[in-house]
Structure formats: C-alpha cells, structure tokens
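*Asks:* Input: one structure, supplied below.
The values are calculated or read from the model by the stated rules, or taken from the named source; none is laboratory data. Values in this document were obtained by computation on a predicted structure and should not be read as measured data. Every residue, glycine among them, receives a Cβ derived from its backbone with ideal geometry; neighbour counts consider all protein chains shown.
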Amino acid sequence: MSARPNSDILDLIYAAAFEPALWEPVMERVADAIGGGGGWLSQLSVADGSGGQDDDPMARIDPVWPQRYLDHFTQCNPLHNVPDASAYFRGWTTKVVLDTDIMAKPDLMRTEYYNDFMRPQDVHSVMMFRLARRGDEIAVVNITRPERNGAFSAADVAYAETIHPHLIRAYELGRRFGATRRLSGALTNVLDQSPHGLFLLDDDGRVRHANRIAERMLAQGGALRVSAGRLTAASPADARRLEGLIGRAGTASDGERRVGGSMALATPERRLPLSLTVSSVRAERFSPYAPGHTIMVCVTDLEVGVRVPEQKLRELFGLTPAETKLALAIFDGQTPAEAAETLGISHNTARNQLARVFEKTGVNRQASLVRLITRSVGVELRG
C-alpha cells in the first residue's frame with residue numbers, strides 16, 4: 001500500500017463536501033486502504049455521548065447497530081466519553097488516534113462496550129480521524145478493523161495521517177455548504193411570502209434569484225424579461241433607464257444611501273404600470289444567492305388588488321369579527337356609510353364599531369387606520 005493517497009480518492013473526499021451521501025464510499029475506500037472494515041462519521045458529545053443520529057454517514061454497518069448504540073452504548077463507550085470534558089479538551093487536537101492510544105487493549109476487551117457492541121460486529125480495533133470540535137461535541141471518522149486482520153500497522157497510520165488533512169477540509173467545507181444550503185432554503189421561503197416581485201441581482205444586473213411572483217411576471221412575457229442572464233425591459237428606453245438604476249445601486253459606496261431609484265414600467269395592454277424600486281442591500285443577508293454586492297429590484301403590480309390576513313388583524317389588535325370586517329371595508333376604500341351597506345348593518349352601528357376600532361388600534365382617522373394595517377399586518381396579492 002502506498003503511503004500517499006491517489007487522486008481518485010482525493011477527488012471523492014472533496015466531492016463528499018458537497019454531496020453528503022459520498023461519505024459512505026469515502027469511508028469504504030479509506031477502510032480498504034488500511035485493512036479496515038466499516039466506517040462511521042460520528043458527531044457526539046464527549047460528556048454524555050449525545051448528538052448522534054441513525055442517519056449519520058456510515059459504511060458497511062448493519063443498520064440495527066446504530067440505533068442500539070444510541071439507545072444504550074452511547075453511555076458506556078470508553079473510547080469516546082470522558083469524565084471531565086474541560087480537562088480533556090485542554091490536550092485535544094485534530095489528529096489520528098487508535099483505540100490503544102486511549103486505553104490498553106486488554107482493558108478494552110473487558111468492557112461491556114467491547115463484548116456487547118464491538119465484538120458482535122466483528123470489530124476488534126478502531127482508528128479515529130478527529131475532524132472538528134463544536135463545544136463538547138467532536139466530529140470523528142471511525143474506521144473499524146476485525147481481529148483477523150491484526151493491529152493497525154505503522155504504514156496504516158502513516159497513510160491515515162496523509163489523508164487526514166483532506167478529510168478535515170472536506171468536513172469543514174461540507175458544514176459550511178450545508179449551512180448555506182439551509183439558509184438559502186429559508187430565504188427562499190421568506191422572499192416567496194412577499195406580495196411583490198423580488199429579483200436579486202449581482203453588480204452586472206445578472207439575476208441570482210427571483211421569488212415566486214417575480215418568476216410569474218417573467219413567464220407572462222410582458223414588460224420585464226431576462227436577456228443574457230440580466231434583468232431588462234422590453235422597451236429599449238425602459239431597458240436603458242433600468243440599467244442606469246441598477247448601475248447606480250451597484251456603485252454606491254457604503255457611506256451613501258444605497259438606492260438606485262424608482263421607475264414606472266408601462267405596457268400597452270395594461271391600464272396601470274408596474275412600479276419598480278432598485279436598491280442595494282447588505283450582501284450578507286443574501287449571500288447564498290449572490291456572494292458580494294447584492295441589488296434588489298422590487299416590482300409592484302399596481303393593477304393587482306391586495307387582501308389583509310383577517311385572523312392576524314384580529315389577533316394583533318383584539319378586534320371582534322364584526323370590527324374586523326368593518327376595518328377591512330375601510331381598508332378597501334369604502335366610507336363608513338358604504339361599509340354599513342355592504343355589511344348589512346345600520347350607519348349608526350358602523351360608526352360605533354369604527355369608534356371601537358380606533359380605540360383599539362390607537363388611531364383616530366381612516367387614513368391612519370389604512371396605513372397602520374399596511375405596516376403592522378402586511379398585505380397579500382390577490383389577482
């Protein structure tokens with residue numbers, strides 16, 4: 001066996017950083033190279049053994065054993081658990097460790113852990129690649145070895161130490177990429193809740209993300225479109241103006257008000273134009289979509305009505321169902337007299353209900369009520 005890993009296994013290790021399922025073949029390849037059997041990428045607390053999952057990356061391990069470990073043996077693993085975590089971490093480093101570095105083999109063989117967990121799986125020795133520490137938890141690639149293969153040799157350890165830095169880097173890359181992927185999914189959900197079309201662009205105007213409403217606007221093939229990856233307008237004049245707003249937002253310094261500006265985007269088939277606002281946003285808020293500078297284009301369809309989430313309005317201000325219906329009628333632009341007719345109540349009842357709405361919301365004018373509802377409750381599009 002060569003003491004240097006070949007390029008194939010290194011490629012596989014770094015591919016596992018972006019596809020966690022590849023940790024299984026990685027551990028198989030490492031085990032084969034050092035005469036091992038199975039493998040487990042564990043992430044457990046040294047204080048009490050907690051933190052493991054039955055879907056942790058594993059290779060050549062009978063699926064019944066991970067759950068047995070989590071149910072019982074996590075509490076009695078002498079190769080992992082320590083009585084004093086603080087003292088243990090004072091001398092802890094990311095390195096390759098054998099079970100014999102932790103305790104003498106005869107002592108290990110007398111433990112419940114060896115006889116009831118290791119031995120039934122044909123495991124006699126364990127090589128541990130320490131990858132990272134997070135608080136009391138450590139991430140370790142454990143490679144097992146059956147007794148018939150003898151002890152890990154000096155050549156096996158040399159090979160492991162050569163490949164160890166690559167495993168550390170791949171694990172760290174995978175952790176960062178996984179966090180970014182989860183953040184990207186969360187941001188997508190947040191952006192899709194907006195009643196406006198939202199485009200996230202890079203400095204050159206290339207679209208990095210479009211929320212659900214923005215994608216719908218593009219699919220309609222109207223005033224907005226994407227050309228060569230960049231957001232633009234159908235009209236050449238509008239396209240130049242939009243490009244200018246994007247350019248202004250992209251070049252604003254940190255000390256400036258980072259707003260490109262606004263514009264109306266009219267089309268022959270529409271009575272009212274689309275309203276566009278272009279601004280720069282702090283890059284870290286949307287880094288999963290566009291590393292570096294991020295520009296947001298907010299598009300509002302002025303022809304599409306809005307609706308207020310009724311239950312949220314009731315809960316926020318303590319309104320009764322009748323008061324909520326009246327407040328929504330006012331929000332839709334009706335006068336108290338018109339609202340009374342729509343709701344089938346007397347004008348006097350409407351006036352009394354409106355007074356109670358004013359009292360509960362802390363405003364005293366209809367225009368103020370509309371602004372308060374828009375700011376506090378939010379609106380959703382209705383087409």
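*Asks:* Among (1) in a strand (DSSP E or B); (2) under 31 Å from the mean Cα position of the chain (by Cα), where does ARG169 come up short?
*Replies:* In the conditions (1) in a strand (DSSP E or B); (2) under 31 Å from the mean Cα position of the chain (by Cα), ARG169 misses (1) alone.
*Asks:* May I pose another question? Out of all the residues in the range 25-33, is one or more crowded, with 18+ Cβ neighbours inside 10 Å, under 18 Å from ARG175 (Cα atoms) and in the same structural domain as PRO146 (by TED's automatic domain parsing)?
*Replies:* Yes - at least one qualifying residue is present in the range 25-33.
*Asks:* Before we move on, is ASP56 surrounded by fewer than 20 Cβ atoms within 10 Å (Cβ to Cβ), at pLDDT 90 or above and assigned by TED's automatic domain parsing to the domain that holds ARG169?
*Replies:* Details: surrounded by fewer than 20 Cβ atoms within 10 Å (Cβ to Cβ): yes; at pLDDT 90 or above: no; assigned by TED's automatic domain parsing to the domain that holds ARG169: yes.
Answer is no for this residue.
*Asks:* In the list ASP122, ASP136, ASP99, which residue meets the criterion of being buried (at least 16 other Cβ atoms within 10 Å of the Cβ), under 18 Å from MET27 (Cβ atoms) and among the acidic types (Asp, Glu)? Write out each step before concluding.
*Replies:* Numbers: ASP122 fails: buried (at least 16 other Cβ atoms within 10 Å of the Cβ); ASP136 fails: under 18 Å from MET27 (Cβ atoms).
Checking each option against the conditions leaves just ASP99.
*Asks:* Can you name the condition, by its number, that LEU70 falls short on among (1) without any contact (Cβ under 8 Å) to a residue 40 or more places away in the chain; (2) closer than 19 Å to HIS166 by Cα; (3) surrounded by 15 or more Cβ atoms within 10 Å (Cβ to Cβ)?
*Replies:* (2)
*Asks:* Let me ask something additional. Test ALA154 against the stated conditions and say whether it is farther than 19 Å from TRP65 by Cβ, aliphatic (A, V, I, L, M) and surrounded by fewer than 17 Cβ atoms within 10 Å (Cβ to Cβ).
*Replies:* The answer is yes for ALA154.
*Asks:* If we keep just the residues of the range 124-143 that are touching a helix residue (DSSP H, G or I) at 6+ places or on another chain (Cβ under 8 Å) and of a type in the set (Val, Ile, Thr), which is farthest from GLY39 (Cα to Cα)?
*Replies:* VAL126
*Asks:* Take the residues in the range 74-121 that are touching a strand residue (DSSP E or B) at 6+ places or on another chain (Cβ under 8 Å) and assigned to a loop (DSSP other than H, G, I, E, B), then tell me which one is nearest to PRO146 (Cα to Cα).
*Replies:* Only one residue fits best here, namely LEU79.
*Asks:* Exactly one condition in (1) in contact with a Gly (Cβ under 8 Å, 6 or more places away or on another chain); (2) not in a helix (DSSP H, G or I) is not met by ILE213; state its number.
*Replies:* Among (1) in contact with a Gly (Cβ under 8 Å, 6 or more places away or on another chain); (2) not in a helix (DSSP H, G or I), the lone unmet condition for ILE213 is (2).
*Asks:* Kindly indicate whether ASP101 is modelled with pLDDT under 95 and either under 21 Å from ASP71 (Cα atoms) or not basic (Lys, Arg) (or both). Outline the logic, then answer.
*Replies:* Working: modelled with pLDDT under 95: no; either under 21 Å from ASP71 (Cα atoms) or not basic (Lys, Arg) (or both): yes.
Considered against the rule, which asks whether it is modelled with pLDDT under 95 and either under 21 Å from ASP71 (Cα atoms) or not basic (Lys, Arg) (or both), ASP101 comes out as no.
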